[in-house]
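> Let me give you the structure first, and then I'll get to my questions.
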Amino acid sequence: MPQVNQADLANAIRALSMDAVQQANSGHPGMPMGMADVATVLFTQFLKFDAAAPDWPDRDRFVLSAGHGSMLLYSLLHLTGYKDMTMAQLKNFRQLGSKTAGHPEYGHAKGIETTTGPLGQGIANAVGMAMAEAHLSAKYGKSIVDHHTYVIAGDGCLMEGISHEAISMAGHLGLNRLIVLFDDNSISIDGPTDLTVSDNQIARFKACGWATDSVDGHDPAAIEKAIAAAQKNDRPTMIACKTVIGFGAPTKAGTSATHGAPLGPDEIAGAREKLGWPHKPFTVPKPVLDAWRKAGSRGATSRKAWDKRVAKLKPADRSEFKRAITGGLPKNWQDALTAFRKRMSREAPKVATRAASQKVLEVLNDAVPETVGGSADLTGSNNTKTGQLGVMNKKNPGGRYVYYGVREHGMAAAMNGMALHGGIIPYGGTFLIFTDYCRPSIRLSALMNQRVVYVMTHDSIGLGEDGPTHQPVEHLAALRAIPNLNVFRPCDIVETAEAWELAVAREDGPTVLALTRQGLPTVRTRHSARNLSAKGGYVLSDAATGKRDVTLIASGSEVEIALAAQAALAKKKIGAAVVSMPCLDLFEAQSASYRNKVLGDAPVRIAIEAAVRQSWDGILGPDGGFVGMTGFGASGPIDALYKHFGITADAVVKQATTALRSAKKRK
Ligand SMILES: Cc1ncc(C[n+]2csc(CCOP(=O)(O)OP(=O)(O)O)c2C)c(N)n1
């Protein structure tokens, strides 16, 4: 083979992509073939990375937002020499257990910076990564944190609503280290994009405060020039790269036929000829591979220089940076929280758990300096801002509080990006009802095992007059159904502190805190050094007689009702225990013996939660009772609502006595 040129490098990506899709008999060859030239310029000339040290904290981040084109990323990782992306993995594309899943999955292989596939998520994650870079650069200095975030996004990503939230946020924050390469191929699944959109993407990005450029995506010199210019911009940059989807495919190029199906043997043979790539499937000639490997180790020098700079930091600064960037927590960070809980048990205030959460955060944000809080335009309602944070904005990227604006989905995806970047523990708030507006990103936090804390207030009909549009009923059940997501609904200020402690301690997954608008009494008046919420549920108050006739299980604001029902039942000589269940997910993970001990063997079991019954069935069984919601809420004062929907101590007592009577009859 003569000297390797740019086209050979790009054709290696094209060939691997079409061959792997053909072998798997499924996948998306069009996008990798179309963007191969752009990706080649980026990876061989600009991207700062060292394939031998994929976790280098100061590497540039590369996000393939158009995740269906996963073979583009897998090819690049293989070619540049990432150890775990072997040729065998490429041959195993889309097979069970391979690192080369259908869409890039975070954690499957190094170099996959985030899980993409749900269109629009990647570009929104990238905004969070760029926020993290700007923030940490301000915090630790440019000699330690100084990198770019690059994104490849397609028409689909830019059609998704989340892209708008993300683009708008990036423009407002002036994230000049963020560079989006738009695969401007005017094709999506249904055909040409003029079937569906007429947006002027350049004008759209410009309107959001971005720098823009457009280039022929098959002209390496033009791409190079555009990226070099983008690096100098004081704003984020979008480069529209005009490409041909399925570039090289003799009859299908430029059509949606190449988007998501194998090209077929004849078309592949034709593409080999057209591209001048005579090599067998999964064969990359040595000179081409060598050139790629050279690109993969290009960053080693700057990585080593970075290592030296880190080594020169004061020991305390160095260990603090390393701790935060690898997700460790400060020594004894929990002590302040334990002391707080102790004081609250003594003082026993009556406060809404959202206000309780703010009090906890005042303590936590001191103890754990890498938290970055925020809210989607509900700061005063979510109680997410504390005194010590300062505001993160263009002028002050080091601030620790983000005014996300009315962009719940963008906020959640940005938080994922920050968590993935490392060095930050993000939390952000909105109303619990609007988890619907950011659920796809919450699901991805869980799928990617990311420590993100969702502060979701106004958690039931207890919010009152805002009515059924704002009153969650099915949301707790829907969130509990997401695997690896812990949903907490604490009942007082002590449980709120416990829930926060568990959320921050949890390194491998997200947490939702469902918090009340209305005041709740402190029921945990006896201090326990142990975090009782850690097992999800526990006996808060046993039957006074010691003999349980009834077990009442409640979460959040309904624990108070359970305790009132317990007292009323005691007057009738009925022994009731109250189990507080702040986190069903954790409770269900406990041993059967623990669960049985807590739930007991009383003949009657009733759960109380101002939401639908669905998530309680496992605990209640077919005979269990439930006091809660069966449909949408209504607008009205809180007391009237609880009475109207029958979520009262009286209703619990009535259900318990009736159930006891039938249980006795059954005997
Ligand atoms: C949220 C979401 N909706 C739908 C899909 C299914 N889907 C995958 S790719 C695609 C079309 C994307 O078009 P484009 O970004 O132009 O990609 P290209 O055709 O250029 O490869 C769709 C609808 C998805 N992955 N995510």
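The values are calculated or read from the model by the stated rules, or taken from the named source; none is laboratory data. In this text, all values refer to a predicted model and were calculated from it rather than measured experimentally. Quick reminder, even Gly has a Cβ in these numbers, built from the backbone with ideal geometry, and neighbours come from all protein chains shown. Accessible surface is based on the protein model in full, side chains and every heavy atom, while ligands, DNA and RNA are left aside. Shrake-Rupley method; radii C 1.70, N 1.55, O 1.52, S 1.80 Å.
> Just give me the residues in region 226-268 being closer than 20 Å to Pro281 by Cβ, in a helix (DSSP H, G or I) and open to solvent by 10 Å² or more (accessible area, probe 1.4 Å), in sequence order.
Residues satisfying the conditions are Pro265, Asp266, Glu267, Ile268.
> Another one. Before we move on, is Ser98 surrounded by fewer than 21 Cβ atoms within 10 Å (Cβ to Cβ), in a loop (DSSP other than H, G, I, E, B) and either within 16 Å of the ligand (Cβ to nearest atom) or among the acidic types (Asp, Glu) (or both)?
Answer is no for this residue.
> Also: Can you report the number of residues in region 618-658 which are modelled with pLDDT of 95 or more and open to solvent by 20 Å² or more (accessible area, probe 1.4 Å)?
Here the count works out to 23.
> List every residue pair whose Cβ atoms sit under 6 Å apart, with the two residues 6 or more apart in sequence or on different chains, where the first one lies in region 415-431 and is hydroxyl-bearing (Ser, Thr, Tyr) and the second, anywhere, is open to solvent by 10 Å² or more (accessible area, probe 1.4 Å).
Every condition considered, the pairs that remain are Thr430/Leu378; Thr430/Glu408.
> Going by the structure shown, is Met71 within 16 Å of the ligand (Cβ to nearest atom), free of Cβ contacts under 8 Å to residues at least 60 places away in the same chain and over 24 Å from Val452 (Cβ atoms)?
Against the criterion (within 16 Å of the ligand (Cβ to nearest atom), free of Cβ contacts under 8 Å to residues at least 60 places away in the same chain and over 24 Å from Val452 (Cβ atoms)), Met71 qualifies.
> Of the residues Ser163, Ser137, which single one is away from the ligand (no atom under 16 Å from the Cβ), outside any strand (DSSP E or B) and of a type in the set (S, T, N, Q)?
After ruling out the rest, the residue left standing is Ser137.
> Counting residues that are closer than 30 Å to Val559 by Cβ and not hydroxyl-bearing (Ser, Thr, Tyr), which helices (runs of 4 or more DSSP H) fully inside region 286-354 reach at least 3?
334-347
> Which members of region 141-160 meet the condition of being farther than 12 Å from Leu181 by Cα, away from the ligand (no atom under 16 Å from the Cβ) and not charged (D, E, K, R)?
Gly141, Ser143, Ile144, Val145, His147, His148
> So, Ile179, is that one away from the ligand (no atom under 16 Å from the Cβ), part of a strand (DSSP E or B) and under 21 Å from Gly67 (Cβ atoms) or not?
yes
> So, one more: Quick check on region 106-123. Is at least one of its residues within 16 Å of the ligand (Cβ to nearest atom), more than 21 Å from the chain's Cα centre (by Cα) and either open to solvent by 40 Å² or more (accessible area, probe 1.4 Å) or closer than 23 Å to Pro29 by Cβ (or both)?
no
> Please state which of the following conditions Ala66 fails to meet, knowing it meets all the rest: (1) surrounded by fewer than 24 Cβ atoms within 10 Å (Cβ to Cβ); (2) touching a residue at least 12 places away in the same chain (Cβ under 8 Å).
Every listed condition holds for Ala66 apart from (1).
> Let me ask something else about it. Out of Ala211, Ala229, Ala207, which single residue is over 25 Å from Asp194 (Cα atoms) and away from the ligand (no atom under 16 Å from the Cβ)?
When all the criteria are applied, what remains is Ala229.
> Any residue in region 124-143 that is surrounded by 22 or more Cβ atoms within 10 Å (Cβ to Cβ), touching a Leu at 6+ places or on another chain (Cβ under 6 Å) and among the polar types (S, T, N, Q)?
Scanning region 124-143, I find no residue that is surrounded by 22 or more Cβ atoms within 10 Å (Cβ to Cβ), touching a Leu at 6+ places or on another chain (Cβ under 6 Å) and among the polar types (S, T, N, Q), so the answer is no.
> Applying the selection to region 26-54, what residues are outside any helix (DSSP H, G or I) and not charged (D, E, K, R)?
Ser26, Gly27, His28, Pro29, Leu47, Phe49, Ala51, Ala52, Ala53, Pro54
> Out of (1) in contact with a helix residue (DSSP H, G or I) (Cβ under 8 Å, 6 or more places away or on another chain); (2) open to solvent by 10 Å² or more (accessible area, probe 1.4 Å); (3) closer than 21 Å to Ser297 by Cα, what's the single condition that is false for Thr80?
(2)
> I'm told Gly462 meets every condition in (1) part of a strand (DSSP E or B); (2) over 30 Å from Asp60 (Cα atoms); (3) among the small types (Gly, Ala, Ser) except one. Can you identify the failing condition by its number?
(1)
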